[in-house]
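Here is the structure we will look at, set down as structure tokens.
The values are calculated or read from the model by the stated rules, or taken from the named source; none is laboratory data. Source: prediction; values computed, not measured. Cβ placement follows ideal geometry from the backbone for every residue including glycine, while neighbour counts extend to all protein chains displayed. Quick note on the areas: whole protein, heavy atoms, side chains included, nothing else; ligands and nucleic acids left out. Shrake-Rupley method; radii C 1.70, N 1.55, O 1.52, S 1.80 Å.
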Amino acid sequence: MKKTVLSKEYAGKLYEQIYDYILDRIRRGEWKPHERLPSIRSLAMEFNVHRLTVCKAYQLLKNNGIVESKEKSGYYVRPNGIFSTDSMQDPIISAYVHDSHLSEIHQVHAEYVLSKSVLDPNLLPNLYFSEYVKQVFDLYPKMLGIYFTPQGDQELRDALCGYFTDCHRFHLSADELLITCGSLEAMDLVARALVKPRDVVMLERPTYSTAIDIFRKQGATIVPVEIHPYGYDLEQVEKLMQAYKPRLFYLNPTFQSPTGYIVPAEQRKRLVELAERYHCLLLEDDPYRDIYFGIEPPLPLFAYDTEGWVIYLRSFSKYIAPGLGIAIVACRPSIMNYLIKAKLLSDSGTPLVNQKIFLHYFFSERLQQHMEKLRTALMVRKDIAEHELSATDWEWNSPAGGFNLWVKLPETVDIERLLSMCIMQSITFVPGAICDPLKEYKSWIRLSYSYLNEQQLREGTQRLVELADGGSSSSKKQ
């Protein structure tokens, strides 16, 4: 019985779909190492396609080291081929085996955590928060018995609409907001709902390493876009959009992770215009907007979008209430429908208790006043870290906000060796290579100054500098 591979919902070419079908059956163990695969003729009949289409799929499998051909015999599953180094360049294969490198570092127990771009819990008004939780349960005594909706609490979405309109000049309705369990869920929903295998996704270089993991897991083809202290080279961005026709561009234009760079307002407007011209969605991740050390950053890209090409992702987990895990996605209804369907496949909605607590906590006058104190405390920590680094020949641009320093060490320092030495001394940081889609930036590291208290930050940075000085190639030669 014949079957048709091509589907209107599947963007891949015929031979790519057959490739994915064969690869999936090998991955699941249905076709085992050394086993002979179906002939080109039989697969062509089964899928109702030309033999050359099947031949092209087999050739791609062979080039990626998944199968091998034997003269006058056919194609066979290559032993240990599916996880070979060469085959990892294929987006579908990397989707099967890619790990989260950042989470591996976060799992290391250390005294001096310079790797976590999260807030020191002692900087939050914890006693006030505790009192507010009790008040919220008094306001909603039946809250624990109410099932939550997939899109999020209506009262919270209404309040956020007013907040975004007043602060960021957004024009949206509550139906254009989705409440998620943190930014990672939001990013994963976008990837699962809108990105198909081999879709092109543009990522900043360097970028938030988990974004690389999420889109590779989805099977996307990653195209890097260089980010600089001045923003992007927009001519390069336009050429990439012309050449690759990307489905999506993930960007973090405000206190970018890991660099701390800010994309200027004029570039933001131009990016929205390019997105509309080349039909490329922009996924704007904005987790550090309120953490500025001087003037407020430019308006989000979403403020300039009138045609629905920007998806705005705002996490409040970084500095408001990490334990509540609240993030929002703002987008137009045509995209929102896909995201809600994707969320229903993972859960039935973000817990109502968290949403109600966040609603009354975030919009309280006390918390809004606390934000200024929080910015001051983090600026002090940034200054401490930079002071400890000032005696070195390391290079970095001092950020105007956010949680991180993006630091270039001398090429004589082996970053992997340094990380191993630091872990042994109870210190962690993020090596730059995992923030790079091309896995380069071998001399760079991301240092987060937000998690440790002032004394720990000072000691941890001093010890890191000492270990780096002792671990350089020049030191080893002496």
* To do: For the chain, with all protein chains present and a 1.4 Å probe, just round the carbon and sulfur fraction of the accessible area to a whole percent.
  => 51 percent
* **Computed label-point distance, nm, for sites D166 and H228 using a 7 Å Cα→Cβ extension** => 4.0 nm
* Asked: For the chain, what is the relative contact order in percent, using Cα pairs closer than 8 Å and at least 6 residues apart in sequence?
  -> 19 percent
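Test of the criteria: in region 318-413, which GluC sites (Glu not before Pro) are in a DSSP loop and have at most 16 other Cβ atoms within 10 angstrom of their Cβ? Before the final figure, lay out the partial values.
On the way: sites: E365, E372, E386, E388, E395, E411; in loops: E411.
Those satisfying the criteria are E411.
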* For the chain, with +1 on Lys and Arg beta carbons and -1 on Asp and Glu, the positive-most of Y75, A174, I434 along the dipole -> Y75
* Local charge sum around D233 (other residues, Cβ-Cβ under 11 Å, Lys/Arg +1, Asp/Glu -1)? -> -2
* Asked: Which residue, chosen from Q425, I227, A57, occupies the Cα position most advanced towards the positive end of the dipole of the chain, where the dipole is computed from +1 (Lys, Arg) and -1 (Asp, Glu) charges on Cβ about the Cα centre?
  -> A57
* Order by protection proxy (mean Cβ within 10 Å, highest first), peptides 434-445, 231-242, 162-173, 177-188 -> 177-188, 434-445, 231-242, 162-173
* Kindly report the accessible area of the chain per residue (heavy atoms of protein chains, probe 1.4 Å, no ligands, DNA or RNA), in Å². => 46 Å²
* For n ≥ 4 DSSP H runs only, could you compute -39500 (n - 2.57) per run for the chain, divide by its residues and tell me the 222 nm figure to the nearest 500? => -13000 deg cm²/dmol
* Would you mind getting the Kirkwood hydrodynamic radius of region 289-415 from its Cα pairs, rounded to one decimal in Å? => 18.1 Å
* Asked: Where in region 215-248 does the amide nitrogen come within less than 17 Å of the point 7 Å from the Cα of R27, taken along Cα to Cβ?
  -> 215-222
* Given charges at beta-carbon only (K, R positive; D, E negative), |dipole| of the chain in Debye -> 2040 debye
* Structure fact -> Expressed as a whole-number percentage, the relative contact order of region 116-206 with C-alpha contacts under 8 angstrom and at least six residues apart is 18 percent
* To do: Would you mind counting up the charge near L139? Only other residues with Cβ under 12 Å from its Cβ, with Lys and Arg at +1 and Asp and Glu at -1.
  => +1
